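This report concerns only the one structure given below.
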Amino acid sequence: MNVIDLRSDTVTKPSAGMRRAMADAEVGDDVLDGDPTTRRLEQRIAELLGTEDALFFPSGTQANQTGIGLLVEQGTEVLLEANAHIVDYGLAGVAALAGAQIRPISTPDGLLSAALVQGALRPASPHVPRATALTVENTHNAAGGRVLSVAAFDGVVRVARDAHLAVHLDGARLWNAAVATDTPTARLTRGADTVMVSISKGLGCPVGSCLGFARDDRARAWEIRKRLGGGMRQSGILAAAGLYALDHNLSRICEDHENAKRFTELLSDHPALRPSIPETNIVMLDLVRDRDVADTIAPRLAMAGVRVLPFGPRRLRAVTHLDVSRTDVERAAAIISETLR
């Protein structure tokens with residue numbers, strides 16, 4: 001049985017062209033004196049993000065922690081949206097590695113606003129912690145791939161600057177935000193001090209993320225990455241996948257968004273489900289019948305040929321990506337409809 005895997009856009013497999021690019025990559029020792037392909041990827045990412053420099057990492061988690069580590073002071077607070085990926089899936093890395101505590105900001109839809117950030121700032125007092133950084137996630141995974149608009153991001157950046165907070169942008173799916181809003185990626189990052197982007201989500205690479213930052217921060221970023229075990233030797237083999245993806249896969253992300261909309265459209269009238277309206281490539285499926293729970297429905301769907309991710313007691317997540325076609329999405333919707341009838 002051909003199983004349609006919609007659990008995440010990280011399940012993609014390298015294409016034949018990407019594998020050839022990886023096999024043919026010019027490499028060096030990136031820990032000792034640099035890998036030429038890795039450096040080309042870093043320069044390309046920096047140009048796309050509008051940052052002065054960038055560094056290649058094995059994971060987005062490590063890149064996020066490095067970005068925050070560059071900005072936050074120990075013993076202070078980092079402001080984040082309450083359901084941000086760093087809060088729920090970062091394994092308390094901000095506390096363990098940066099020595100800072102998270103101050104969560106509750107939102108109705110996962111999207112920060114200037115007013116919400118302003119309201120989360122504590123009045124100056126010797127009895128409460130200071131905040132030294134703000135982290136923003138765009139797109140917002142737990143909110144169903146919602147996009148924070150340019151105007152909204154500009155607003156939260158202004159509040160952060162007025163409060164003397166540095167800004168880190170968790171842009172694991174920033175490529176999706178740029179495509180969805182038809183906005184240059186560099187415009188979506190304007191005002192951020194550090195920016196993380198993933199190449200293993202949406203772009204179809206097997207491994208990797210990059211962190212953009214000011215040129216003067218490269219030595220410190222390299223040092224933090226080294227401390228976290230992120231130095232890689234012939235990393236050009238992996239970076240070559242990123243360069244290939246930027247040339248061949250970035251421009252097709254709009255297809256994932258259209259497939260997500262089609263998936264929602266086909267399930268919109270189902271009596272057992274309430275699908276979210278996707279802005280990008282993530283669809284949340286809320287189970288509306290009392291007898292249905294995510295941990296039992298997901299295995300049933302997998303047996304029927306569709307893999308989705310439990311995302312709460314009564315919620316499933318489906319993510320479109322380059323390894324699922326329009327036909328796959330339509331077939332997945334039909335399987336789900338039949339299984340939950």
Problem - Criterion violated by residue 281 - all others in (1) open to solvent by 10 Å² or more (accessible area, probe 1.4 Å); (2) touching an Asp or Glu at 6+ places or on another chain (Cβ under 6 Å); (3) of a type outside the set (Ser, Thr, Tyr) satisfied - result: (1)
Practice task
Give the number of residues within segment 321-341 that are in contact (Cβ under 8 Å) with a residue 60 or more places away in the chain and among the β-branched types (Val, Ile, Thr).
Solution key: 4
Practice task
Restricting attention to helices (runs of 4 or more DSSP H) lying wholly within segment 12-90, give those where 1 or more residues are of a type in the set (A, V, I, L, M) and more than 22 Å from the chain's Cα centre (by Cα).
Solution key: 16-23
Problem - Residue among 203, 243, 211 that is in a helix (DSSP H, G or I), at pLDDT 95 or above and not polar (S, T, N, Q) - result: 243
Practice task
Report whether or not residue 199 is open to solvent by less than 10 Å² (accessible area, probe 1.4 Å) and touching a helix residue (DSSP H, G or I) at 6+ places or on another chain (Cβ under 9 Å).
Solution key: yes
Practice task
Test residue 253 against the stated conditions and say whether it is within 21 Å of residue 12 (Cβ to Cβ), β-branched (Val, Ile, Thr) and either surrounded by fewer than 22 Cβ atoms within 10 Å (Cβ to Cβ) or in contact with a Gly (Cβ under 6 Å, 6 or more places away or on another chain) (or both).
Solution key: yes
Fill in the blank from the handout: Note on segment 123-132: residues under 18 Å from residue 73 (Cβ atoms) and either open to solvent by 80 Å² or more (accessible area, probe 1.4 Å) or among the acidic types (Asp, Glu) (or both) are 124, 126, 127, 130
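Residue by residue, here is whether (1) at pLDDT 95 or above; (2) surrounded by fewer than 18 Cβ atoms within 10 Å (Cβ to Cβ); (3) out of contact with any helix residue (DSSP H, G or I) (no Cβ under 6 Å at 6 or more places or on another chain); (4) at positive phi holds:
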| position | (1), (2), (3), (4) |
| --- | --- |
| 115 | yes, yes, yes, no |
| 121 | yes, no, yes, no |
| 134 | yes, no, no, no |
| 145 | yes, no, yes, yes |
| 156 | yes, no, no, no |
| 184 | yes, yes, yes, no |
Exercise for the section: Specify the residue that is nearest to residue 113 (Cα to Cα); the eligible residues are those in segment 158-182 that are open to solvent by less than 10 Å² (accessible area, probe 1.4 Å) and more than 14 Å from the chain's Cα centre (by Cα). Expected result: 160
Practice task
Examine segment 92-111 for a residue that is modelled with pLDDT under 95, open to solvent by less than 50 Å² (accessible area, probe 1.4 Å) and assigned to a loop (DSSP other than H, G, I, E, B), and state whether such a residue exists.
Solution key: no
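Can you tell me which residue is most open to solvent (accessible area, probe 1.4 Å) among those in segment 1-48 that are of a type in the set (Lys, Arg) and closer than 20 Å to residue 59 by Cβ?
Residue satisfying both the conditions and the ranking: 13.
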Exercise for the section: Taking residue 266 as the residue in question, decide whether it is at pLDDT 95 or above, open to solvent by less than 40 Å² (accessible area, probe 1.4 Å) and not acidic (Asp, Glu). Expected result: no
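The values are calculated or read from the model by the stated rules, or taken from the named source; none is laboratory data. As the structure is a prediction and not an experimental result, all values here were calculated from the model. When we count neighbours, we look across all protein chains shown, and the Cβ atoms used for this are built from the backbone with ideal geometry, even at glycine. Heavy atoms of the whole protein, side chains included, go into the accessibility calculation; ligands, DNA and RNA do not. Shrake-Rupley method; radii C 1.70, N 1.55, O 1.52, S 1.80 Å.
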